[in-house]
Amino acid sequence: MRNMKSSIMRNAQSSLQKLLPVISFARPSDVDKYLKLYNIDLNSGKYRCAICGDIVTRENIYALIAHGSSIKLICNKPSCQAKFSISPP
Amino acid sequence: MFDEILNFIKQEFSSVLSLVVGVIIGLIASPIIKTMFKAIKYLVALKDLGRLEKTYSSVLKYAKKNLKELGLILNKLPEEIVVETTYKDDVALYSRFRAFFKKNIVGKLRGKEILSITIFGNMSYEEQIAFIIQKAFEAIISSEYEKVLGVDLRDSLVTYYSYKFAFLSQSLVGKGVTLMLERKFNEAKSKEIILKLDSKELEANITLNPPPEARPLLDRVIMPIIELKSQEISPINDLSTIELTRREMQQLLTKIAEGKIGILFIGSRTPEEYLQYLKSRIDEFEGVLICARGKRAILCDHLVPEIIKEYQGSLGIETPSVKTFEGTLPSEENRLLYYKHVLISKRA
């Protein structure tokens with residue numbers, strides 16, 4: 001029983017603790033600099049908000065999340081800002 | 001005449017000399033001043049970046065100490081964050097060396113995967129600290145409890161814990177951040193319920209056990225119940241069940257906050273003593289919440305039928321409503337303990 005309990009604790013610990021979120025606060029005027037850094041062309045219209053699915057533009061971008069080669073963008077709708085997490089599940 | 005010429009040459013020479021010396025000193029001093037200015041700016045950047053990171057780890061430390069029953073969630077969250085760039089009064093603050101060291105040396109050595117997050121917005125530095133606090137509490141409270149708590153209650157809990165943390169950690173986060181979070185909490189829709197649940201006064205009024213226990217119920221009873229219910233309902237995706245659960249939880253918390261539910265903690269006393277505590281005040285409340293953990297859950301199981309009989313006998317309630325919140329939660333020293341909370345009330 002004790003082994004089972006400690007394995008539950010270990011499993012819970014093993015998932016997200018491996019992540020190290022590296023956060024940058026940037027001003028809206030710096031959007032182009034970051035888009036260039038991550039090689040993202042928002043004019044192509046193929047980038048959608050990872051929460052609501054709306055197209056993300058230079059004007060409505062709120063957050064950019066890069067994990068390995070995967071990039072997610074979040075738009076600035078209040079509901080998406082509220083759901084956005086710095087410790088993603 | 002000759003003396004005059006000599007004096008003139010001397011004066012001119014000294015002024016030229018002082019000019020040359022001034023230029024040389026200037027040439028030497030200018031890079032030193034520039035370097036000193038850069039060093040001060042760099043130290044300020046390190047301090048401000050570090051303050052944001054320390055805020056996040058302090059929130060986790062606070063939650064691990066005060067909300068230890070939520071340990072399963074807390075253990076899932078990243079232990080730390082790195083802040084690469086921030087800005088303060090329109091000045092961007094960053095340190096390439098520091099970010100490189102933390103990401104590529106410390107992070108990689110500890111087997112971490114880097115998740116780069118850039119947030120765009122016109123936030124003041126204080127707003128950035130408040131943002132980190134709120135997002136950390138959201139990760140602890142809000143995301144996991146979507147199926148148990150309505151949005152107002154979840155938001156109110158997040159803003160309350162954010163404000164409470166800032167208030168207790170004012171030396172780290174600053175008075176401005178505390179006031180900012182206090183203003184947000186004052187706008188929270190379930191503010192009154194949460195303040196009551198976290199008051200020693202309510203605990204003293206509705207606890208059936210005799211004093212001296214006087215610790216607010218929010219951390220000790222309410223958050224564990226929410227966590228247990230969340231564990232129970234997590235595999236369920238049926239919207240009507242989720243909505244019903246949220247409504248029932250809202251009703252339970254409201255009734256406790258209004259003083260309509262009595263609380264009975266099961267400890268090391270005899271069953272007769274607990275029944276006596278209950279009998280002496282049974283008619284004051286609409287129901288009673290029995291709280292037990294560890295081995296004492298067995299005593300709770302023995303007491304529940306007795307309490308139901310009491311409701312049926314002295315109050316004439318034929319079928320009192322019985323709801324159970326049970327499961328394992330982390331307790332002291334990160335050990336898992338069995339928790340059992342049974343709500344017996346007059347109305348089904």
Quiz item: (1) at pLDDT below 95; (2) under 26 Å from residue B:209 (Cβ atoms): which one isn't true of residue B:255, the others all being true?
Solution: (1)
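Which count do you get for residues in the range A:20-68 that are free of Cβ contacts under 8 Å to residues at least 60 places away in the same chain and outside any loop (DSSP other than H, G, I, E, B)? Reasoning before the result, please.
Step one: of the range A:20-68, the residues free of Cβ contacts under 8 Å to residues at least 60 places away in the same chain are A:20, A:22, A:24-68.
Filter once more, so that each one left must be outside any loop (DSSP other than H, G, I, E, B): A:20, A:22, A:24-26, A:28-37, A:42-44, A:48-49, A:55, A:61-67.
Number satisfying all stated conditions: 28.
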Quiz item: Residue check: is residue B:215 among the basic types (Lys, Arg), surrounded by 15 or more Cβ atoms within 10 Å (Cβ to Cβ), in the same structural domain as residue B:265 (by TED's automatic domain parsing) and at pLDDT below 90?
Solution: no
Quiz item: Among the residues of the range B:155-165, is there at least one that is in contact with a Pro (Cβ under 6 Å, 6 or more places away or on another chain), within 17 Å of residue A:83 (Cβ to Cβ), within 11 Å of chain A (Cβ to nearest Cβ) and buried (at least 18 other Cβ atoms within 10 Å of the Cβ)?
Solution: no
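Give the residues of the range B:210-242 that are assigned to a helix (DSSP H, G or I) and among the small types (Gly, Ala, Ser), sorted by residue number.
If we filter the range B:210-242 for residues that are assigned to a helix (DSSP H, G or I), which is where we start, we get B:217-233, B:239-242.
The answer is B:230, B:240.
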Quiz item: Do we find a residue being surrounded by 19 or more Cβ atoms within 10 Å (Cβ to Cβ) and under 17 Å from residue B:128 (Cβ atoms) anywhere in the range A:32-50?
Solution: no
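Do you know which of the residues in the range A:69-89 that are without any contact (Cβ under 8 Å) to a residue 12 or more places away in the chain and either farther than 24 Å from residue B:136 by Cβ or more than 11 Å from chain B (Cβ to nearest Cβ) (or both) is surrounded by the fewest Cβ atoms within 10 Å (Cβ to Cβ)? It would help to see each step written out before you state the result.
Restricting attention to the range A:69-89, the residues satisfying the condition of being without any contact (Cβ under 8 Å) to a residue 12 or more places away in the chain are A:69-70, A:78, A:82, A:85.
Then drop every residue that is not either farther than 24 Å from residue B:136 by Cβ or more than 11 Å from chain B (Cβ to nearest Cβ) (or both), which leaves A:69, A:78.
Values: A:69: 5, A:78: 8.
Filtering the range A:69-89 for residues that are without any contact (Cβ under 8 Å) to a residue 12 or more places away in the chain and either farther than 24 Å from residue B:136 by Cβ or more than 11 Å from chain B (Cβ to nearest Cβ) (or both), the one surrounded by the fewest Cβ atoms within 10 Å (Cβ to Cβ) comes out as A:69.
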Quiz item: In the set B:264, B:289, which member is within 30 Å of residue B:155 (Cβ to Cβ) and surrounded by 12 or more Cβ atoms within 10 Å (Cβ to Cβ)?
Solution: B:289
Quiz item: Is there a residue in the range B:102-117 that is among the polar types (S, T, N, Q), under 16 Å from residue A:21 (Cβ atoms), facing another protein chain (nearest Cβ under 8 Å) and in contact with a Phe, Trp or Tyr (Cβ under 7 Å, 6 or more places away or on another chain)?
Solution: no
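Residues of the range B:196-230 being without any contact (Cβ under 8 Å) to a residue 12 or more places away in the chain and not small (Gly, Ala, Ser), which ones?
We begin by selecting, within the range B:196-230, every residue without any contact (Cβ under 8 Å) to a residue 12 or more places away in the chain; these are B:201, B:204, B:211-212, B:220.
B:201, B:211, B:212, B:220 - these are the residues of the range B:196-230 that are without any contact (Cβ under 8 Å) to a residue 12 or more places away in the chain and not small (Gly, Ala, Ser).
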Quiz item: Out of (1) over 30 Å from residue B:233 (Cα atoms); (2) at pLDDT 90 or above; (3) not in a helix (DSSP H, G or I), what's the single condition that is false for residue B:276?
Solution: (3)
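Can you give me the number of residues within the range B:299-348 that are within 14 Å of chain A (Cβ to nearest Cβ) and either part of a helix (DSSP H, G or I) or more than 24 Å from residue B:71 (Cβ to Cβ) (or both)?
The first filter runs over the range B:299-348 and keeps only residues within 14 Å of chain A (Cβ to nearest Cβ), leaving B:327-339.
Okay, now just the ones that are also either part of a helix (DSSP H, G or I) or more than 24 Å from residue B:71 (Cβ to Cβ) (or both), so B:332-334.
Total meeting the criteria: 3.
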Exercise. Test each condition in (1) at pLDDT below 90; (2) under 20 Å from residue B:279 (Cβ atoms); (3) of a type in the set (A, V, I, L, M, F, W, C) for residue B:329 and report the one that comes out false.
Key: (2)
Exercise. Answer with yes or no whether residue B:166 is closer than 13 Å to residue B:63 by Cα, aliphatic (A, V, I, L, M), part of a helix (DSSP H, G or I) and modelled with pLDDT under 90.
Key: no
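Looking at residue B:57, is it under 30 Å from residue B:229 (Cβ atoms), more than 7 Å from every other protein chain (Cβ to nearest Cβ) and hydroxyl-bearing (Ser, Thr, Tyr)? So that I can check it myself, show each step before the final result.
Details: under 30 Å from residue B:229 (Cβ atoms): yes; more than 7 Å from every other protein chain (Cβ to nearest Cβ): yes; hydroxyl-bearing (Ser, Thr, Tyr): yes.
Here the answer is yes, as residue B:57 does meet what is asked.
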Quiz item: Given B:273, B:248, B:326, which one is of a type in the set (Asp, Glu) and surrounded by 16 or more Cβ atoms within 10 Å (Cβ to Cβ)?
Solution: B:326
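Conditions (1) modelled with pLDDT of 80 or more; (2) under 16 Å from the mean Cα position of the chain (by Cα), marked per residue:
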| position | (1), (2) |
| --- | --- |
| B:40 | yes, no |
| B:64 | yes, yes |
| B:76 | no, yes |
| B:85 | yes, no |
| B:91 | yes, no |
| B:110 | yes, no |
| B:123 | yes, no |
| B:136 | yes, yes |
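The values are calculated or read from the model by the stated rules, or taken from the named source; none is laboratory data. Predicted, not measured: the structure shown is a model, and the values here were computed from it. In this analysis, Cβ positions are derived from the backbone assuming ideal geometry, glycine residues included, and neighbour counts consider all displayed protein chains.
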